[in-house]
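Participant: Attaching a single structure in structure tokens format; questions to follow.
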Amino acid sequence: MKTKIAGIGKYLPKRVVTNQELTTYMDTTNEWIIERTGIEERRYAEKHKETPTTMAAAAARIAIERAGITPEDIDFIIFATLSPDYYFPGCGVLLQRELGLTKTEIGALDIRNQCTGFVYGMSVADQFIKTGMYKNILLVGSEMHSMGLDFSDEGRAVTVIFGDGAGAVVLQPTDKENQGILNTVLHSDGTHAEELAMINPGSHGGYHLGPEKFGYPDPSIPGGVFVTQKMVDDNMLTPNMTGQLVFKNAVVKFPEVIKEGLAKAGLEKEDIDLLVPHQANLRISQFVQKVMGLPDEKVVNNIQKYGNTTAASIPIALCEAYEDGRIKEGDLVCLAAFGSGFTWGSVLVRW
Ligand code: ACO
């Protein structure tokens, strides 16, 4: 038994935020953003109305309908996000409630693997399906970055990159020979955990094991306090990213993990019909495309329109490719991601 993608859906908030709009909040330019990231615009969710969970539900409803099932058929939920509605509980149970599935009392799992969350989720779901434990897994990636970004000049290198949105798939067993997930590859290396991170608020209480350059241990943050006034006053409640280090690692690890998956499946890079990379940065994807020697029509890039939507970027890009008729039955589709942690991974799937 293998795992197939039976249905797929996406949701992008209506509000388009152009690079030009960002120049009204911070010292940046349309040219800088396009040159370094390829991003032209991104979407921001409507505050007080949309959340990562409501966006996930919108994407999920489409995926469920396309899978030809009803929400009540879902027997497990996996939710990947770094921007959850609440610190706890996770979005899995919130999505279950939003979809009206509390009576079915199905399990709900939350994944905290940032840009790699969807790929990790695919791998987890694949194991459950292959063992026969579940038959209709709903996997979603959803992010609402716009709530947590720093719109001052200080935060510009990070803020211009990220956008909001959600993507979802329904995963089911298949016994067709030429269909389903061939393999998943997962990796991590915590050496650079703080280089692409949001450290505060947190339970570190002024102490963590990362490099001193991040300003810890900080005795002014009393142990046992999750969020302090100092964090608010010193603008410490925002993500930080050492962009060039991320870039250098991403362009090595993306091709590595794609090749590892191909080798495990006894396939060559020429066998790939469509590569759907995590939409981190257009320059990273172009670099990976070049290293892999893939033509333009075999690589999905939509970061220009949506920015980097972290755990949502792969299902959104995959869904868009599907809706555009770029995937046909039997195609070898490769999903690959690299991100905070660092974590990285790939999924090879026959459509
Ligand atoms: N607008 C204008 N200028 C800016 C901006 C901005 N938004 N952001 C930074 N700058 C300035 C910097 O202040 C710096 O100025 P200085 O030379 O006067 O000090 C200059 O631009 C260059 O800054 P760098 O950080 O060195 O710029 P770099 O060329 O590395 O580009 C970027 C930054 C785009 C973040 C790049 O490092 C990158 O793409 N890294 C990969 C990170 C990434 O893709 N992250 C995505 C999330 S993680 C993931 O999904 C894997």
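The values are calculated or read from the model by the stated rules, or taken from the named source; none is laboratory data. The model shown is predicted, which means the values in this text are computed figures rather than measured ones. Note that we place each Cβ from the backbone using ideal geometry, even for glycine, and neighbour counts take in every protein chain shown. Areas reflect the complete protein model, heavy atoms only, side chains present, ligands, DNA and RNA absent. Shrake-Rupley method; radii C 1.70, N 1.55, O 1.52, S 1.80 Å.
Participant: In the full protein assembly as shown, how much of residue 256 is accessible to a 1.4 Å probe, in Å² to the nearest 10?
Facilitator: We get 90 Å² for residue 256.
Participant: Another one. Starting from the residue with the highest accessible area, list 213, 103 in decreasing order, probe 1.4 Å.
Facilitator: Output order, biggest surface exposure first: 103, 213.
Participant: Based on the inverse mean of 1/r over its pairs of different Cα atoms, what is the Kirkwood hydrodynamic radius of region 173-277, in Å? Display every interim value, and only then the final one.
Facilitator: Details: mean 1/r = 0.0576 Å⁻¹.
Hydrodynamic radius (Kirkwood, Cα pairs) of region 173-277 is 17.4 Å.
Participant: Ok, one more. Among the aspartates and glutamates, which fall within straight-line cross-link reach of residue 47, defined as a Cα-Cα distance under 20 Å, with same-chain neighbours fewer than 8 residues apart omitted?
Facilitator: Reachable aspartates and glutamates: 21, 85, 98, 143, 150, 164.
Participant: Report, in deg cm²/dmol and to the nearest 500, the calculated mean residue ellipticity at 222 nm for the chain, where each DSSP H run with n ≥ 4 adds -39500 (n - 2.57) and the sum is divided by the residue count.
Facilitator: On the way: 11 runs with 106 residues, N = 351.
For the chain, the value works out to -8500 deg cm²/dmol.
Participant: Just how much of residue 32 is accessible, in Å², when a 1.4 Å probe is used and the result is rounded to the nearest 10?
Facilitator: 100 Å²
Participant: Counting pairs of Cα atoms in region 2-174, how many percent are more than 21 Å apart?
Facilitator: Working: 7275 of 14878 pairs.
Taking all Cα-Cα pairs of region 2-174, the fraction more than 21 Å apart is 49 percent.
Participant: If I compute solvent accessible area with a 1.4 Å probe over the protein chains, what percent of it on the chain is carbon and sulfur?
Facilitator: On the way: 7800 of 15180 Å².
The computed percentage sits at 51.
Participant: From the convex hull of the Cα coordinates of the chain, what is the mean projected area in square nanometres?
Facilitator: Details: hull surface 69.0 nm².
Averaging across all directions leaves 17.3 nm² for the Cα convex hull.
Participant: With +1 on each Lys and Arg Cβ and -1 on each Asp and Glu Cβ, and nothing else charged, work out how big the dipole of region 124-256 is about its Cα centre, in Debye to the nearest 20. Walk me through the numbers on the way to the answer.
Facilitator: Details: 8 positive and 16 negative charges, 84 e Å.
Here region 124-256 has a charge dipole of around 400 debye.
Participant: Ranked from the most accessible area to the least, with a 1.4 Å probe and all protein chains present, what is the order of 128, 338?
Facilitator: Putting 128, 338 in descending order of accessible area: 128, 338.
Participant: Which sequence of 145, 48, 187 reflects their accessible areas, 1.4 Å probe, from the largest down? Can you show the working numbers first?
Facilitator: Numbers: 145 15, 48 200, 187 60 Å².
The ranking, largest first, comes out as 48, 187, 145.
Participant: Tell me which lysines have Cα within less than 22 Å of residue 103's Cα, excluding those fewer than 8 residues away on the same chain?
Facilitator: Cα-Cα hits under 22 Å: 135.
Participant: Right, next: Identify all aspartates and glutamates with a Cα-Cα distance to residue 4 below 14 Å; exclude those on the same chain that are fewer than 8 residues away in sequence.
Facilitator: Of all the aspartates and glutamates, those that pass the test against residue 4 - Cα under 14 Å, at least 8 places apart if same chain - are 126, 175, 177, 329, 331.
Participant: Continuing with the same structure: Full extension from residue 18 to residue 286: what is 0.36 nm times the residue separation minus their Cα-Cα distance, to one decimal in nm?
Facilitator: Values: separation 268, 0.36 × 268 = 96.48 nm, distance 2.21 nm.
My answer for the length gained is 94.3 nm.
Participant: Moving to a separate point now. Measuring from the lowest to the highest alpha carbon on each principal axis, how far does region 149-217 reach, largest first, in angstroms?
Facilitator: 54, 28, 20
Participant: Scan region 45-106 for GluC sites (Glu not before Pro) in coil per DSSP, keeping those whose Cβ has at most 16 other Cβ atoms within 10 Å, and list them by number. Display every interim value, and only then the final one.
Facilitator: Details: sites: 46, 50, 65, 72, 98, 105; in loops: 46, 50, 105.
Taking region 45-106 and a limit of 16 other Cβ atoms within 10 Å, the loop GluC sites (Glu not before Pro) found are 46, 105.
Participant: Also: So how far, in whole Å, is the C-alpha centre of region 169-223 from the one of region 242-264?
Facilitator: 16 Å
Participant: For region 268-351, how big is the tail of P(r) above 18 Å, as a whole percent of Cα pairs?
Facilitator: Numbers: 1251 of 3486 pairs.
Everything past 18 Å amounts to 36 percent.
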